[in-house]
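This report concerns only the one structure given below.
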Amino acid sequence: MKIKLTAIEYRKLLELSEKFAGSVEPGYRFLRLYYWKGLRAFITDGCGKLEVPLKKECSPFKGSYIIPLDHARVLKEQLQDEASIIIVGEDQDLSIYAGGEKLRIEKARTEGIPRMERKFENLLLLKKSAFKNALDFSSAINDEGDNISFIFKDGVVCMVSSSHGMSVMNFLNEQASRDLQAHVPYVTVRHLVKTLELMKAEELYFGEGIEDLGIKAGVFLFSICADREETFNSVPQRPKAETKVTIEKSQLLFSVRKMTKLVSRGMGVLMFSDRGSIRFMLKTGTFRYEKTVYKGSFENFVARLDPHRLRSALSRMNAGKIELFLYKKQLVLTGKGIGQYLLIPLI
């Protein structure tokens with residue numbers, strides 16, 4: 001095997017690989033090269049798999065060559081854009097040449113190619129930016145070990161997640177070809193968001209295969225593991241209310257950021273309405289801090305929340321103004337007409 005890449009192509013391939021493989025689990029920080037209907041690259045984070053056709057001349061070869069990302073990234077530093085990268089596979093070993101540098105990886109070749117589901121029933125065609133933003137918002141409050149749920153039912157297409165007493169819902173103005181309920185690990189959703197940001201494709205297909213969910217964005221194919229257990233018995237509904245107040249997002253975020261400086265992630269503060277005004281309050285021992293975020297008429301309520309998670313969700317809402325209202329014993333924060341909702345239970 002012998003392929004030639006420009007320095008730009010090499011850097012882009014490594015950046016894409018690092019975004020999808022992530023940095024938490026070193027056992028997945030590898031790039032695999034193999035020949036299947038042309039030269040292809042493969043990256044996985046343990047749940048998600050990404051296959052990238054490399055449109056480069058290359059003779060067919062058997063097996064796969066495995067490249068550690070942490071070793072390969074050394075060669076991308078201080079390379080001129082027009083420089084060439086030569087990757088040569090020789091029996092069991094692989095060498096990468098970049099100018100006067102050479103990286104040799106012994107016993108890099110393995111038998112067979114990575115397992116990858118490639119046939120999916122397309123359920124949606126949608127804008128990549130809308131899908132990426134929905135993934136980003138839907139995972140704003142979560143931690144490792146949580147899942148993001150995809151629910152397509154009765155004309156509703158939405159993503160839902162819950163963590164630390166908060167819930168988020170992101171509705172998309174799309175129509176799926178059939179119902180689906182699937183739950184994807186938080187870590188893989190975050191890797192998807194970061195990887196999609198690098199892709200130029202404007203639209204993508206979202207589908208379902210025998211085992212995995214599939215996403216096709218331009219030449220890039222994702223195969224994503226998912227739990228299919230039907231944990232939602234009813235279709236999520238968009239919260240609504242007659243009485244609402246509106247606050248500038250920048251003003252609300254300014255107050256929330258102040259609260260994050262006073263408590264660590266996972267700690268709670270109170271958000272409440274007393275005689276109309278809406279305030280944050282933190283009280284620990286002899287210390288008490290209050291910040292008013294709205295003065296006016298609003299019904300009384302009390303909610304406990306993590307300001308760090310609130311900040312993450314608010315910063316990813318696609319709105320300049322935030323609407324607040326009460327709905328089924330929950331405080332709801334949203335933007336007008338954007339389909340994004342943060343729900344916090346009242347106490």
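Whether any residue in segment 73-93 is without any contact (Cβ under 8 Å) to a residue 40 or more places away in the chain and within 23 Å of Phe220 (Cβ to Cβ) is what I want to check. Checking segment 73-93: not a single residue is without any contact (Cβ under 8 Å) to a residue 40 or more places away in the chain and within 23 Å of Phe220 (Cβ to Cβ).
Out of Ile113, Ile141, report the one residue that is among the hydrophobic types (A, V, I, L, M, F, W, C) and farther than 20 Å from Leu314 by Cα. When all the criteria are applied, what remains is Ile113. Checking each residue in segment 201-220 for being out of contact with any helix residue (DSSP H, G or I) (no Cβ under 8 Å at 6 or more places or on another chain) and either closer than 14 Å to Ala130 by Cα or not assigned by TED's automatic domain parsing to the domain that holds Lys127 (or both) picks out only Tyr205. All of Ala176, Ala140, Ala134, Ala108 fail the test of being hydrophobic (A, V, I, L, M, F, W, C), modelled with pLDDT of 95 or more and closer than 29 Å to Arg32 by Cβ, apart from Ala108.
Let's see how each residue does on (1) outside the structural domain of Ile215 (by TED's automatic domain parsing); (2) closer than 13 Å to Tyr10 by Cα; (3) among the aromatic types (Phe, Trp, Tyr):
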position: Lys37; (1), (2), (3): yes, no, no
position: Lys49; (1), (2), (3): yes, no, no
position: Lys56; (1), (2), (3): yes, yes, no
position: Ser59; (1), (2), (3): yes, no, no
position: Tyr65; (1), (2), (3): yes, no, yes
position: Glu90; (1), (2), (3): yes, no, no
position: Glu101; (1), (2), (3): yes, no, no
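Pairing each residue of segment 30-45 that is among the small types (Gly, Ala, Ser) with any residue that is in a loop (DSSP other than H, G, I, E, B), provided the two are 6+ apart or on different chains, yields C-beta distances under 7 Å for Ala41/Leu54.
Read through the list (1) surrounded by 22 or more Cβ atoms within 10 Å (Cβ to Cβ); (2) over 22 Å from the mean Cα position of the chain (by Cα); (3) hydroxyl-bearing (Ser, Thr, Tyr), then give the number of the only condition that Thr334 fails. It is condition (2) that Thr334 fails. Does any residue of segment 287-298 turn out to be without any contact (Cβ under 8 Å) to a residue 12 or more places away in the chain and in a loop (DSSP other than H, G, I, E, B)? Scanning segment 287-298 turns up no residue that is without any contact (Cβ under 8 Å) to a residue 12 or more places away in the chain and in a loop (DSSP other than H, G, I, E, B).
None of Leu310, Leu333, Leu324 is assigned to a helix (DSSP H, G or I), within 22 Å of Asp136 (Cβ to Cβ), outside the structural domain of Ala134 (by TED's automatic domain parsing) and modelled with pLDDT of 95 or more except Leu310.
Take Glu18 and tell me if it is free of Cβ contacts under 8 Å to residues at least 60 places away in the same chain, surrounded by fewer than 17 Cβ atoms within 10 Å (Cβ to Cβ) and among the acidic types (Asp, Glu). Considered against the rule, which asks whether it is free of Cβ contacts under 8 Å to residues at least 60 places away in the same chain, surrounded by fewer than 17 Cβ atoms within 10 Å (Cβ to Cβ) and among the acidic types (Asp, Glu), Glu18 comes out as no.
A quick yes/no check of all residues on (1) surrounded by 14 or more Cβ atoms within 10 Å (Cβ to Cβ); (2) in contact with a Lys or Arg (Cβ under 9 Å, 6 or more places away or on another chain); (3) of a type in the set (Val, Ile, Thr):
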| site | (1), (2), (3) |
| --- | --- |
| Arg228 | no, no, no |
| Gln251 | no, no, no |
| Val263 | yes, no, yes |
| Thr292 | no, yes, yes |
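Being out of contact with any strand residue (DSSP E or B) (no Cβ under 8 Å at 6 or more places or on another chain) and surrounded by fewer than 18 Cβ atoms within 10 Å (Cβ to Cβ) is a property that holds for Thr286. Within segment 92-113, being of a type in the set (Gly, Ala, Ser) and either part of a loop (DSSP other than H, G, I, E, B) or under 15 Å from Thr6 (Cα atoms) (or both) holds for Ala98, Gly99, Gly100, Ala108, Gly112.
For segment 230-286, the strands (runs of 3 or more DSSP E) that sit wholly inside it and include 1 or more residues that are closer than 28 Å to Ser149 by Cβ and at pLDDT 90 or above are 269-274.
For Arg73, are the conditions met, namely being under 30 Å from the mean Cα position of the chain (by Cα), closer than 21 Å to Phe42 by Cβ, surrounded by fewer than 13 Cβ atoms within 10 Å (Cβ to Cβ) and among the basic types (Lys, Arg)? Here the answer is no, as Arg73 does not meet what is asked.
Checked against the criterion of being touching a residue at least 60 places away in the same chain (Cβ under 8 Å), within 18 Å of Arg265 (Cα to Cα) and of a type outside the set (A, V, I, L, M), segment 171-181 has no qualifying residue.
The values are calculated or read from the model by the stated rules, or taken from the named source; none is laboratory data. Just so we're clear, the structure is a prediction, and the values are computed from it rather than from any experiment. Ideal geometry is used to build each Cβ from the backbone, glycine not excepted, and the neighbour counts take in all protein chains shown.
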